[in-house]
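First comes the structure, then the notes that go with it.
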Amino acid sequence: MFGKTFSHYLGVLLGSELPQTQTTLAERDLLKKYIPGKKRIVEIGVFEGFTTQVLAEESDPDSTIYGVDPFFRGRLAISWGLQITKQYNRKYLASGKLRLVQTLSTEVGTQIPIPVDFVFIDGDHSLGGITADWEFWTSRIVSGGIIALHDTVLKPDQPKSAELGSHHYFQSHIQQDFRFDFIDQVDSLSILKKR
């Protein structure tokens, strides 16, 4: 496993490979549609930083992206996801447009100024994880702000057994939250706007 992961890291470093992502092209295009004009942007669940770069590229020049991820370390005390994210997003990290916040999404403390106006939740998809993220971040976003949630509906080719806590919570709680209007959806990405 180490060899494959290290090889992937070298591929990204040399520009022969891209970071892995779980978002589709259509989902990234939908994120791009709602990012202009947003100044404080939070991404929960950076993974390898592919979508992070999309947010940085598409946002206004004076926007700040806060990439929140604990970047858990593997057997050799290395987080390859963190190393790949840093390499792939080095331009935005160097300019200060991107700031990585290495902690759990509900433990950011004062590392992210609030309120924010765009949150992309793609972290812990367990029922407990999405519940905590929703409860924490919905009170920290401005009126008119956008919350984008990944893995909210099963794709047509996915079996019912692939359902995650995020699918259940979206149907049972998020869609009924009167503070938000459901405004868009593609694949498994749903977009809501705070009233």
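Values in this text are rule-based calculations from the coordinates and carry no lab data. Since the model is a prediction, treat every value here as computed from it, not as a measurement. Reconstructed Cβ throughout: ideal geometry from the backbone, glycine too, with neighbour counts over all protein chains shown.
Under the combined filter of DSSP loop state and at most 13 neighbouring Cβ atoms within 10 Å, the stretch 92-194 retains these GluC sites (Glu not before Pro): Glu107.
When exposed loop sites are taken as chymotrypsin sites (Phe, Trp or Tyr not before Pro) in a DSSP loop with at most 11 other Cβ atoms within 10 Å, the longest stretch of the chain clear of them is 73-177.
Report, for the chain, the % of DSSP beta bridges that are antiparallel, rounded to 5. Intermediate results must be reported in sequence, preceding the final value.
Values: 10 of 28 bridges.
Here the share of antiparallel DSSP bridges comes out near 35 percent.
Here the Gaussian network model covers the chain, with springs between Cα atoms less than 10 Å apart; of Ser105, Ser95, Ser161, Ser161 fluctuates the most. Shown in residue order for the stretch 118-131 are the 3J(HN,Hα) couplings computed by the Karplus curve 6.51 cos²θ - 1.76 cosθ + 1.60 at θ = phi - 60°: 7, 10, 10, 9, 8, x, 6, 8, 5, 4, x, x, 5, 4 Hz (x for Gly and Pro). Each of Phe170, Phe182, Thr138 was placed along the dipole of the chain (beta-carbon charges, centred on the mean Cα), and the one lying farthest toward the positive end is Thr138. Across the alpha-carbon set of the chain, the Rg to Rh ratio works out to 0.95, Rh being the Kirkwood radius.
Sparsely packed loop sites in the stretch 51-110 (the trypsin sites (Lys or Arg not before Pro) outside DSSP H, G, I, E and B with at most 14 other Cβ atoms within 10 Å) comprise Arg73, Arg75.
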